[in-house]
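Undergrad: I have a structure here, written as structure tokens, and I will follow up with some questions on it.
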Amino acid sequence: MTVLVTGGAGYIGSHVVRLLVERGDEVLVVDDFSTGIENRVEDLPIVSLDLAASDAEDRLVAAIEEHSVDSIIHFAAKKQVGESVEQPLMYYRQNIGGLTNVLAAVERTGVESLVFSSSAATYGMPDVEMVAEDLDCRPINPYGETKLIGEWMIDNAITAAKMRGTAFKAVKLRYFNVAGAGWPELADTAVMNLIPIVLERVATGKAPIIFGDDYATPDGTCIRDYVHVKDLAEAHIASLDYMKSEEPAETVFNVGTGKGASVKEVIDAIAEATDREIVPEMGERRAGDPPALVADVSRISAQLSWKAEYGLTEIVRSAVDAAGMSSTGK
Ligand code: UFG
């Protein structure tokens, strides 16, 4: 199989690239290196390309034809919720514009399957703790909207391909809170999410801040479903295999563990893994934070036979090790 991975030099993309290479697939990386890091994929063919650029569709078509690509995994996108509120048009231009060019290139070539990075941000602020895929999606920020619209665009492309009599299948994966490192050199270098933020604050002698401890949860702090990036990467491989073997019965899947952890529990796990006492400060609630968001993973387990192998302890330990902050000093 030859797989084109957009955003393949990114944190999640590079984990998937590593697994594809390990199992013997041919891989072509497309990345604009705005946040991607070339070292993560340096031995592979790379097309340096902003997918929202005016020549992106033609350059994608040329790359797909030159490398006889049969599948695409599309990661390349902007992914910061706060930034998306401040610069919504940039999010629409990059995420919707980029996907439009990917789907146009699919239509012009013989690409048979696509895996799309979607997000639990599509759900918004659900009033249930455990979310299943058929819940109404009501995203509450432009980032989540671009992911939901992306899912619709793909559904429309599947319908149109059927009408043309073309074989095209797609799977949309709704990621929950991705963290950890499968290989230390592929670790998340952006400090945008809870675990990297806490690690950085601890490393620089600052107290981490908990954004609100008065939620209606057992310890008052927000609950999320943390999934190991290597498990998430495996879900992409399972998606490719699913589309190869049968007509997908479902096309959208939550990717999480089905178990929630509170902010306090995450900080405790970091204290344990670093063997340091961490005394967090209590801060204000952050706007737009749902109290609890945990994936119902029955669908992905039934259809893709995928299940997370790692839990919070392994996730945190791998992040701590990659940051060189483990208690053993390795
Ligand atoms: N938090 C703190 N202190 C911090 C940072 C975060 O208490 O310094 C809390 C947040 O309030 C939240 C939890 O830790 O309760 C997790 O926060 P993150 O920012 O790590 O993650 P989010 O759940 O807000 O968002 C993540 C992804 C988004 C995606 C969303 C989908 O970062 O891209 O999950 O649910 F849209």
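The values are calculated or read from the model by the stated rules, or taken from the named source; none is laboratory data. Note that the structure is a prediction, hence the values are computed from the model and not measured. Neighbour counts are summed over all protein chains in view; Cβ atoms, including those assigned to glycine, are modelled from backbone coordinates with ideal geometry. For accessibility, only protein heavy atoms count, side chains too; no ligands or nucleic acids. Shrake-Rupley method; radii C 1.70, N 1.55, O 1.52, S 1.80 Å.
Undergrad: If you place +1 on the Cβ of every Lys and Arg and -1 on the Cβ of every Asp and Glu, how big does the dipole about the Cα centre of the chain come out, in debye to the nearest 20?
TA: 160 debye
Undergrad: Can you give the accessible area of Lys79, probe radius 1.4 Å, in Å² rounded to 10?
TA: Roughly 100 Å² of Lys79 is accessible to a 1.4 Å probe.
Undergrad: Along the Cα-to-Cβ line of Ile96, 7 Å from the Cα, sits a label point; which residues in the stretch 10-52 have backbone N less than 19 Å from it?
TA: Only 51-52 fall inside the zone, counting backbone N under 19 Å.
Undergrad: Another question, if that's okay. Excluding same-chain residues fewer than 8 positions from Lys162, which aspartates and glutamates have a Cα within less than 13 Å of its Cα?
TA: Straight-distance partners of Lys162: Glu107, Glu112, Glu247.
Undergrad: If you stretched the chain out fully between Gln87 and Ala302, how much longer would it get, using 0.36 nm times the residue separation minus the C-alpha to C-alpha distance?
TA: Stretched fully, the Gln87-Ala302 segment lengthens by 73.5 nm.
Undergrad: Starting from the Cα of Ile37, move 7 Å in the Cα-to-Cβ direction to define the label point; list residues of the stretch 292-330 whose amide nitrogen is under 15 Å from there.
TA: In the stretch 292-330, the label zone of Ile37 (backbone N under 15 Å from the point 7 Å along Cα→Cβ) covers 319-325.
Undergrad: Please list 189-195, 261-267, 91-97, 314-320 highest first by mean number of surrounding beta-carbon atoms within 10 Å per residue. Walk me through the numbers on the way to the answer.
TA: Values: 189-195: 15.3, 261-267: 21.6, 91-97: 19.6, 314-320: 23.9.
Ranking the peptides 189-195, 261-267, 91-97, 314-320 by packing returns 314-320, 261-267, 91-97, 189-195.
Undergrad: Calculate, in nm to one decimal, what Arg138 and Arg23 gain on full extension: separation in residues at 0.36 nm each, minus their alpha carbon distance.
TA: Between Arg138 and Arg23, full extension yields an extra 37.6 nm.
Undergrad: Going toward the positive end of the dipole of the chain, with +1 on Lys and Arg Cβ and -1 on Asp and Glu Cβ, which of Ala322, Pro248, Leu186 do you reach last?
TA: So the residue furthest toward the plus end is Pro248.
Undergrad: Here's a follow-up. Any idea what the dipole of the stretch 1-81 comes to, in debye rounded to 20, about its Cα centre with Lys/Arg Cβ at +1 and Asp/Glu Cβ at -1?
TA: In debye, rounded to 20, the stretch 1-81 gives about 460.
Undergrad: Okay, moving on. In whole Hz and in residue order, list the ³J(HN,Hα) couplings for the stretch 247-254 that follow from phi through the Karplus curve 6.51 cos²θ - 1.76 cosθ + 1.60, θ = phi - 60°; x for Gly and Pro.
TA: Karplus-based 3J(HN,Hα) across the stretch 247-254 equals 6, x, 6, 10, 10, 10, 9, 6 Hz.
Undergrad: Excluding residues fewer than 8 places away in the same chain, name every one of the lysines whose C-alpha is closer than 16 Å to that of Lys169.
TA: In chain and number order, the partners are Lys244.
Undergrad: Counting only residues 5 or more places away or on other chains, whose amide H sits under 5 Å from the amide H of Gly258 once H atoms are built in the peptide plane?
TA: Here Ala295 satisfy the definition.
Undergrad: Mind ordering 48-56, 167-175 by average Cβ neighbours within 10 Å, highest first?
TA: 167-175, 48-56
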